[in-house]
Amino acid sequence: GERTVDGRTLLAVEFAAVAASGGVHYFDPETGHLMRVESVVAAGNTGMMQVVMEMSDFRAVDGVIMPFRNVVTNPA
């Protein structure tokens, strides 16, 4: 469904497998671009940690639109 992230309304889709979560993927409803991914990854003996990847600066290269800025944030 729709969620507001950093003042933007995005469409959120949560992916999961039988054994684990695939995270929440946020799409721009106007362009369809994947803007943000929130997931949880194994952090060794400390358990799990949340990782956020944000995409921006979309450009067309040979007809393919892709993000040229990818920022990954995690507590480590």
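The values are calculated or read from the model by the stated rules, or taken from the named source; none is laboratory data. Treat the numbers as computed from the prediction; the structure is a model and nothing was measured. Glycine also receives a Cβ, built like all others from the backbone with ideal geometry; neighbour counts cover every protein chain displayed. Keep in mind that these areas ignore ligands, DNA and RNA; they rest on the heavy atoms of the full protein, side chains included. Shrake-Rupley method; radii C 1.70, N 1.55, O 1.52, S 1.80 Å.
Checked against (1) open to solvent by 90 Å² or more (accessible area, probe 1.4 Å); (2) free of Cβ contacts under 8 Å to residues at least 24 places away in the same chain; (3) not aromatic (Phe, Trp, Tyr), ALA76 passes all but a single condition, namely (2). Tallying residues that are touching a Ser or Thr at 6+ places or on another chain (Cβ under 9 Å), of a type in the set (A, V, I, L, M, F, W, C) and surrounded by 14 or more Cβ atoms within 10 Å (Cβ to Cβ) within the stretch 1-52 yields 6. Filtering the stretch 43-63 to residues that are at negative phi and in contact (Cβ under 8 Å) with a residue 12 or more places away in the chain leaves ALA43, MET49, GLN50, VAL51, VAL52, MET53, GLU54, MET55, SER56, PHE58.
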